[in-house]
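Heads up: the structure comes next, in structure tokens.
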């Protein structure tokens, strides 16, 4: 029910249509100006933003190639080739080398070239035999069997496959601009919201503005919690599944920078929007579409719907589906509590 003092406040803020347009133009101009300043500030941190959002991908790449290195070490120890001593526990030895951050690759060298390099490196009288071999006593290789296979070990972080690639000259710049724009939007969001809210609030009653003051921070907190859950938890399961699928397909991934950045800017906001479930439940209860009793009696159906939606909204791995579904189930019952105890609940009809 609208109180007389609310009507008085609203009468004071009444404006003509032209005045409303002028206020809207002013609010949009100030918002765009704030976004522009935020974008300029974002340009200063764009490189750091791009490096930061590559963190989960680099960790997943490192884990992927660590598993490959462990398998290569295990095969080498098991086969006992190249004079490698077989350890008592090949699996433990392979795991220890992989955990030390080493990867393995192979080089094939010609015996003639190897002998020539040794003779050049030791130009003393004792290397006469090496020089003699280098001058013609070593057979010219005619196939792989005539070459010397040498295993090479290197730190995983130095493996060129660990790099995220760009497939065009301008791709890195476009990703940098996109990251700077997103950072600028975040920097300017408090000012942008203030200018837009200042325009909208003039047309609201006092009790309507009070609801915004209560529920907007809750909505913002839920959004940030969902986005953080996606970035810091769900990405691990998503990337583990995707790299595992590449392994069973025998495909080495070659991540592209622009595609990964686009993926990062999609999944966390999706989680944040899904975390608005309690607010949506509260709205539907307040306008009379559902009741608290209906929410409680249909909780099994709600869980099935949440799990089904989580399956479609995340990549097809059980880990990320569970990461989304379990918090949403908790938020469902949290929404029931909000409907029951939050202010603004409808009073029961008089009898």
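Just so it is clear, none of the values below were taken in a lab; they were calculated from the coordinates. It should be emphasised that the depicted structure is a prediction, and the values quoted were computed from it without experimental measurement. Positions of Cβ are backbone-derived with ideal geometry, glycine not excepted, and every protein chain shown enters the neighbour counts.
Numerical summary
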{"quantity": "Ranked packing of 180-188, 200-208, most packed first, by mean Cβ within 10 Å", "calculated": "180-188, 200-208"}
{"quantity": "Residues residue 208 and residue 333, FRET efficiency given R0 of 22 Å [Cβ-Cβ distance, rounded to 0.05]", "calculated": "0.20"}
{"quantity": "Theoretical gain in end-to-end length, residue 177 to residue 67 [0.36 nm per residue, Cα-Cα removed]", "calculated": "36.1 nm"}
{"quantity": "Per-peptide average of other Cβ atoms within 10 Å, ordering 60-68, 147-155 highest first", "calculated": "60-68, 147-155"}
{"quantity": "Calculated FRET value between residue 99 and residue 150, using beta carbons and R₀ = 22 Å, to 0.05", "calculated": "0.40"}
{"quantity": "Ascending count of other beta-carbon atoms within 10 Å, so fewest first, for 110, 274, 297", "calculated": "297, 110, 274"}
{"quantity": "Segment residue 283-residue 75, extension gain: residue separation times 0.36 nm, minus the distance between their alpha carbons", "calculated": "68.8 nm"}
{"quantity": "Residue-span extension gain [residue 225 to residue 168] - 0.36 nm each, minus C-alpha spacing", "calculated": "17.0 nm"}
{"quantity": "Burial ordering of 307, 339, fewest other beta-carbon atoms within 10 Å first", "calculated": "307, 339"}
{"quantity": "For the range 199-276 versus the range 288-308, the gap between their alpha-carbon centres in whole angstrom", "calculated": "24 Å"}
{"quantity": "Pairwise FRET efficiency - residue 246 versus residue 266, Cβ, R0 = 22 Å, nearest 0.05", "calculated": "0.60"}
{"quantity": "Proxy reagent accessibility, fewest Cβ within 10 Å first, across 48, 20", "calculated": "48, 20"}
{"quantity": "Overall form of the range 199-351 per C-alpha gyration tensor (a/c, 1.5; a/b vs b/c)", "calculated": "oblate"}
